[in-house]
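What follows is one structure encoded as structure tokens, with my remarks underneath.
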Protein chains: 2
Amino acid sequence: MKVSELSAQSGVSVATIKFYLREGLLHAGLQTAANQADYDGGHVRRLRLIRALIDIGELPIAAVRAALTAVDDESTSLHDAFGAVMHGLDTVPPDDPAPDIAAARREVDAWLQRRRWKIEPDAPAPHALASAVAILRQFDFPVALAHFDEAAASAERSAEFEVGYARGMADRAAAVETMLIGTVVFERALAEIRRLALEAVSARIERQQGSGRRRRV
Amino acid sequence: MKVSELSAQSGVSVATIKFYLREGLLHAGLQTAANQADYDGGHVRRLRLIRALIDIGELPIAAVRAALTAVDDESTSLHDAFGAVMHGLDTVPPDDPAPDIAAARREVDAWLQRRRWKIEPDAPAPHALASAVAILRQFDFPVALAHFDEAAASAERSAEFEVGYARGMADRAAAVETMLIGTVVFERALAEIRRLALEAVSARIERQQGSGRRRRV
DNA sequence: GTATCTAGATAGTGCTACTATCTGTTGACG
DNA sequence: CGTCAACAGATAGTAGCACTATCTAGATAC
């Protein structure tokens, strides 16, 4: 397969494919001459993965590269490869967080311990959750970590399914790829469902109040 | 309050405050002289809102402006103001989506109808959900919209709580602001919880398989 | 046999979110 | 009263990101 065909099949422009090759996101094709190389279905699939991480997961190029490096490195365990993606999704926290975030962070850590969720010490997610909680409190939301227990239990169930599904795959590469896509794309899908629910509920209540109680807000 | 004090209280640099003033995200202070203006707690709060939308919601400046304009316009209903934020969260879909996305989109629309979720026709969320579904299928996930029924029911319950909470507020401005923050920040918090669940479950299973079955993956 | 395509290298673009500098006041302090 | 940092407002500049365009020299397709 020539680069023009790869471009056509993947929907990614030739210029961008070259860019990804340079950036080390896409491995080179099989070189057949000084200026000829042959690409295959693996390249198409890899390009789809890259585009999904960028478009859906909104990962920066550097994070995509880190994730794909972990995918390709056979010596990286499935869990560690997966961790590499997670780290790319969130931004790393500063060394000196604001006091209200630090307080929320301690609550988050205690909550994680209660749930028996073992999280890598330098994972960005606990900090991100603490930030969210701190901001909610700044805006007078009376929020406690316990409010998230139900969501956490539900997330745990679906995580068990997802991880089990990926682990059941034939080879490691497929398993890691599945974890990546699942993590990023399901997250997006669930977020969209939440947005849809909010819009639907908001519209319904607006209608009810608009007709019934004639209250303009 | 002078601009330096506003900067200190909000954690936003003076240069950035000026930038937000120029961009119309922050209303000017009360002018007391040709080069003096007085800012108050409302400015601090607004700056916090802006930073939350940018940092947590990752909205672009233009979307923040659109959202805040809707917040400030008393003639915009709470639901419409809220819709303005939602539109800023997702990117607008192209006119001619790929065929697999178009197919998924039809399923999404049917699903929404089954749920009796009334969604604005040009809302970006259904398209985003359809894209996610299409990508999952490209990677051989056997995904049907029905799989999201449980998540949707749960999202609907929490949306009812959120919208009710916001609607119960004293004045319209506070209600809209609460909707904004709630939408954006809770979404982030839930996403982080999902990531934490995935990491915890992945670590647990890795440990189990590592010791018990001696299977390196 | 010539028009098109190719790999690889280098340089440039468009966008976003700030950031820096300048100008002409103005208030605060000693 | 002087002076000096801080101020508002305007203009210009910057850094980072994700491409995109151009060029060269060689290969291919008809």
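The values are calculated or read from the model by the stated rules, or taken from the named source; none is laboratory data. Quick caveat, the model's predicted, so the values are computed rather than measured. Don't worry about glycine lacking a Cβ; one is built from the backbone with ideal geometry, like all the others, and counts go over all protein chains shown. Side chains included, ligands, DNA and RNA excluded: accessible areas come from the protein's heavy atoms. Shrake-Rupley method; radii C 1.70, N 1.55, O 1.52, S 1.80 Å.
Here are the numbers:
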quantity: All positions within segment A:58-87 that are open to solvent by 20 Å² or more (accessible area, probe 1.4 Å) and within 30 Å of residue B:127 (Cβ to Cβ); calculated: A:58, A:60, A:61, A:62, A:65, A:66, A:84, A:87
quantity: Some residue of segment A:92-107 being exposed (fewer than 14 other Cβ atoms within 10 Å of the Cβ) and within 14 Å of DNA strand D (Cβ to nearest atom); calculated: yes
quantity: Answer residue from segment A:36-57, given it is within 11 Å of another protein chain (Cβ to nearest Cβ) and basic (Lys, Arg) and is nearest to DNA strand D (Cβ to nearest atom) among those; calculated: A:51
quantity: Residue ID - nearest to the other protein chains (Cβ to nearest Cβ), chosen from residues in segment A:121-143 that are open to solvent by 30 Å² or more (accessible area, probe 1.4 Å) and not in a helix (DSSP H, G or I); calculated: A:140
quantity: Residues satisfying the stated conditions in segment A:70-91, i.e. within 16 Å of DNA strand D (Cβ to nearest atom), without any contact (Cβ under 8 Å) to a residue 40 or more places away in the chain and out of contact with any helix residue (DSSP H, G or I) (no Cβ under 6 Å at 6 or more places or on another chain); calculated: A:87, A:91
quantity: Odd one out for residue A:146, checked against (1) more than 8 Å from chain B (Cβ to nearest Cβ); (2) under 22 Å from the mean Cα position of the chain (by Cα); calculated: (2)
quantity: Subset of segment A:5-26 that is more than 10 Å from DNA strand C (Cβ to nearest atom) and free of Cβ contacts under 8 Å to residues at least 24 places away in the same chain - its residue that is surrounded by the most Cβ atoms within 10 Å (Cβ to Cβ); calculated: A:16
quantity: Positions within segment B:98-120 being within 10 Å of chain A (Cβ to nearest Cβ) and modelled with pLDDT of 95 or more, in sequence order; calculated: B:108, B:111, B:112, B:115, B:116, B:117, B:118, B:119
quantity: Number of positions in segment B:1-35 that are near DNA strand D (Cβ under 9 Å from one of its atoms) and touching a helix residue (DSSP H, G or I) at 6+ places or on another chain (Cβ under 7 Å); calculated: 8
